[in-house]
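First up is the structure itself, then whatever we jot down about it.
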Amino acid sequence: MILSFQDYLSSLQERADTFRVAVIGNEAADLDSTVSSLCYAYLSTTHYNIPAIPVINCLRSDFFLRREIHYLLLKKSINPEDLLFIDDMKLEELPATSTLILIDHNCPGISLAPYSEKVTGIIDHHYDSGLFQTAFPRIIQKVGSTATLVAQEFVKVGALIDKDVAGLLLAAILLDTLNLSQRQKKATAADNAMASVLMEICTVDGKRLFETLQQKRFDIDNMSVVDLLRRDYKEYQSGKIRYGIAVVFLDTVSLFQRDENLLRTLGEYRIGRNLEFLVVMLVAISPRFRREMVVVWDDGTAQDSLFKVLQEKGFGLSLLRDSGGSETNRSIRMYNQANETLSRKVLHPLLTKYLFT
Ligand SMILES: [Mn+2]
């Protein structure tokens, strides 16, 4: 009898003692990372006979901020409490024989970096940083969603895709491609193909599912500015320079409404995380899609190249507000970003490339 996806997920806590592979998504722990690691770890365990566990790459206490994921899991009768989070794992105590598969990223973040030699596999759709050339699998393709690549693995090996697996993967594809929108150009032929395979299995109304998830994702009522920052946040290290990029679904005007000490809050967030700089990429969706950007920095070595990248790489920034940098933790600039297509996926590789030049 094949182990069902539900039974597999509800037994993860016990499996954490005997796994061979930990399947880990990126540290934004978004829907794509979460469901792709759950489903791929299940495939590994049941089909390849390599006992695997999915690890969600955020603190257990921060997971509740991702309301669209909570909603989806509960709808599938999956209890988020059963899942494993990065703070459940004692990385320094990982058995010598265990390995890591990176999902939805291909360059280990700061917390995983010390365990890089354990990485044996990658499935991802970000810019290829060229690391781990001998990894197997090493699947890095520019598709809309990692979930598409995971679904392809199920199909490739002829593994049965159960309804819940199909429903989770489909949800990620729809959310990442804005319901396979042709106008937004996020969905590739592969995303479309896998979405129709999955849709046939789970028979849901794709449009309704997408709209509900999108609504939950943008439901940020009662979240403080700090909650908003940590909700979709990635931290990077480039040489000695440590920096963070947060994505927040509000514009600067609404951020000020939410926190009258906004400049202090942002400055303290940067200092608390020990960052040379923090970039907050702001996305407003109503009345129309719009981007803004906030840069919080310390006078340091990275400052010149950071602003060079921001000014010269086509973001279309125009200054809304400059704090003047009179106090050390208050060096903050706020911009309107005319180029709507440039996201963190674009900014991060640019910074990696140009931060020292
Ligand atoms: Mn992704």
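Please report, ordered by residue number, the helices (runs of 4 or more DSSP H) entirely within region 93-206 with at least 1 residues that are acidic (D, E), away from the ligand (no atom under 16 Å from the Cβ) and over 22 Å from H348 (Cβ atoms).
Numbers: elements: 146-156, 163-176, 189-202.
It comes to 163-176, 189-202.
Would you point out the residue of region 111-141, among those that are within 14 Å of the chain's Cα centre (by Cα) and closer than 17 Å to E235 by Cα, that is modelled with the lowest pLDDT?
Of the residues in region 111-141, the ones within 14 Å of the chain's Cα centre (by Cα) are 123-127.
This time we only want the ones that are closer than 17 Å to E235 by Cα, so: 126-127.
Values: H126: 94, Y127: 91.
Once the filter is applied, the top-ranked residue is Y127.
Provide a single number: the residues in region 330-357 that are aromatic (F, W, Y) and within 24 Å of the chain's Cα centre (by Cα).
Applying the first criterion (aromatic (F, W, Y)) to region 330-357 yields 335, 354, 356.
Imposing the further condition that a residue be within 24 Å of the chain's Cα centre (by Cα) reduces the set to 335, 354.
Result for region 330-357: 2.
Filter region 1-29 down to residues that are at pLDDT 95 or above and among the β-branched types (V, I, T) and give me whichever is surrounded by the most Cβ atoms within 10 Å (Cβ to Cβ).
I24
Are there any pairs, at least 6 apart or on different chains, whose C-beta atoms fall under 6 Å, with the first in region 304-315 and in contact (Cβ under 8 Å) with a residue 24 or more places away in the chain and the second surrounded by fewer than 17 Cβ atoms within 10 Å (Cβ to Cβ), and if so, which?
S305/Y354; V309/Y354; G314/N339; F315/N339
All but one of (1) part of a loop (DSSP other than H, G, I, E, B); (2) in contact (Cβ under 8 Å) with a residue 24 or more places away in the chain hold for A22, so report the exception by its number.
Condition not satisfied by A22: (1).
Determine if region 245-257 includes at least one residue that is closer than 28 Å to P108 by Cα and modelled with pLDDT under 95.
So in region 245-257, the residues closer than 28 Å to P108 by Cα come out as 245-249.
Cutting the leftovers down to modelled with pLDDT under 95 gives us 249.
Checking region 245-257: at least one residue is closer than 28 Å to P108 by Cα and modelled with pLDDT under 95.
Criterion first (of a type in the set (A, V, I, L, M, F, W, C) and on the phi > 0 side of the Ramachandran plot) does L178 satisfy it? Outline the logic, then answer.
Details: of a type in the set (A, V, I, L, M, F, W, C): yes; on the phi > 0 side of the Ramachandran plot: yes.
Taking the combined requirement at face value, the residue satisfies it.
So that you can scan it fast, the table gives a plain yes or no per residue for (1) surrounded by 17 or more Cβ atoms within 10 Å (Cβ to Cβ); (2) assigned by TED's automatic domain parsing to the domain that holds N26; (3) small (G, A, S); (4) closer than 20 Å to A41 by Cβ:
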position	(1), (2), (3), (4)
V157	no, yes, no, yes
K163	no, yes, no, yes
A172	yes, yes, yes, yes
E200	no, yes, no, no
K207	no, yes, no, no
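Please go through region 80-90 and give me each residue that is surrounded by fewer than 20 Cβ atoms within 10 Å (Cβ to Cβ), touching a helix residue (DSSP H, G or I) at 6+ places or on another chain (Cβ under 7 Å) and more than 15 Å from E27 (Cα to Cα), ordered by number. Spell out how you get there, then give the answer.
As a first pass, look at region 80-90 and keep what is surrounded by fewer than 20 Cβ atoms within 10 Å (Cβ to Cβ): 80-82, 85, 87-90.
Filter again for touching a helix residue (DSSP H, G or I) at 6+ places or on another chain (Cβ under 7 Å), leaving 80, 82, 85, 87-88.
Hits for region 80-90 are P80, D82.
Checking P108 against (1) out of contact with any strand residue (DSSP E or B) (no Cβ under 7 Å at 6 or more places or on another chain); (2) crowded, with 20+ Cβ neighbours inside 10 Å; (3) within 30 Å of K353 (Cβ to Cβ): exactly one of these is not met. Which one?
It is condition (1) that P108 fails.
I'm trying to understand the selection: among the residues of region 59-106, which are touching a Gly at 6+ places or on another chain (Cβ under 9 Å) and over 13 Å from L9 (Cα atoms)? Spell out the reasoning first.
Within region 59-106, the subset touching a Gly at 6+ places or on another chain (Cβ under 9 Å) is 72, 75-76, 99-106.
Hits for region 59-106 are L72, K75, T99, L100, I101, L102, I103, D104, H105, N106.
Among residues belonging to region 285-338 that are buried (at least 18 other Cβ atoms within 10 Å of the Cβ) and among the small types (G, A, S), point out the one that is modelled with the lowest pLDDT.
Looking at the filtered set, the residue picked out is A302.
With the requirement that a residue be more than 14 Å from the ligand (Cβ to nearest atom), in a helix (DSSP H, G or I) and hydroxyl-bearing (S, T, Y), what does region 27-73 give you?
Y42, S44, T45, T46, S61, Y71
The values are calculated or read from the model by the stated rules, or taken from the named source; none is laboratory data. Keep in mind that what you see is a predicted model, and the values were worked out from it rather than measured. Methodologically, a virtual Cβ is constructed for each residue, glycine included, from the backbone with ideal geometry; neighbour enumeration extends over all protein chains shown.
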